[in-house]
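Accompanying notes for the structure given below.
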Amino acid sequence: MSDCIFCKIINGEIPSKKVLENDKFYAFHDIEPVKKVHVLIVPKNHVSNIAHLNENNEDYVEGLLPFVRDVAKELGISKDGYRLIFNTGKKAGQTVFHMHAHLLGGEEMGWPEA
């Protein structure tokens, strides 16, 4: 999608601080982190959010959890714990409508908080 900021990041049109990527996903540091470690994990193929997954595109997320595991290892937070958050829709706080997960860690977290 030509006007999607995450598509532009994936395509290298907008710079990002990459953590890890593979053929399906791209992980990069959030520019406004809310925790010591705050990384965004996005599928390379555009889909607005989880609610827009269907039989034609649900394979976009195949391999997502192993990729999250690998990103956490790369960041050195896999042993201490981390939080994975998907905001799905405007009322849930989604502001960029390209499906993405927030991987948070590197410090103690309570509940509830973002």
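The values are calculated or read from the model by the stated rules, or taken from the named source; none is laboratory data. Keep in mind that this is a model prediction, so the values were computed, not measured. Cβ coordinates were reconstructed from backbone atoms using ideal geometry, including for glycine residues, and neighbour counts include every protein chain displayed. Accessible surface areas use protein heavy atoms only, side chains included; no ligands, DNA or RNA. Shrake-Rupley method; radii C 1.70, N 1.55, O 1.52, S 1.80 Å.
Here are some notes:
- Leading residue by the ranking (most open to solvent (accessible area, probe 1.4 Å)) among those in the stretch 44-61 that are of a type outside the set (S, T, N, Q) and part of a loop (DSSP other than H, G, I, E, B): GLU55
- Filter result for LYS44 (farther than 12 Å from LYS24 by Cβ and among the basic types (Lys, Arg)): no
- Taking the criterion of being farther than 25 Å from SER78 by Cα and out of contact with any His (no Cβ under 9 Å at 6 or more places or on another chain), the residues of the stretch 10-56 that qualify are ASN11, GLY12, GLU13, ILE14, PRO15, ASN45, ALA51, HIS52, LEU53, ASN54, GLU55, ASN56.
- Among the residues of the stretch 1-37, the one identified as basic (Lys, Arg) and buried (at least 18 other Cβ atoms within 10 Å of the Cβ) is LYS35.
- Residue check for LEU64: under 19 Å from LYS24 (Cβ atoms) and open to solvent by less than 40 Å² (accessible area, probe 1.4 Å): yes
- Selected residue [surrounded by 12 or more Cβ atoms within 10 Å (Cβ to Cβ), assigned to a loop (DSSP other than H, G, I, E, B) and at pLDDT 95 or above] from ILE77, ILE41: ILE77
- Selection of the stretch 57-114 for residues being in contact (Cβ under 8 Å) with a residue 60 or more places away in the chain and β-branched (Val, Ile, Thr) yields only VAL96.
- Summed over the stretch 1-22, residues that are modelled with pLDDT of 95 or more and acidic (Asp, Glu) total 2.
- Near pairs, Cβ below 7 angstrom, 6+ apart or cross-chain, from the stretch 13-37 (within 18 Å of TYR82 (Cα to Cα)) to any residue that is of a type in the set (Gly, Ala, Ser) and not in a loop (DSSP other than H, G, I, E, B): VAL19/ALA27; LEU20/ALA27; LYS35/GLY105; VAL37/GLY105
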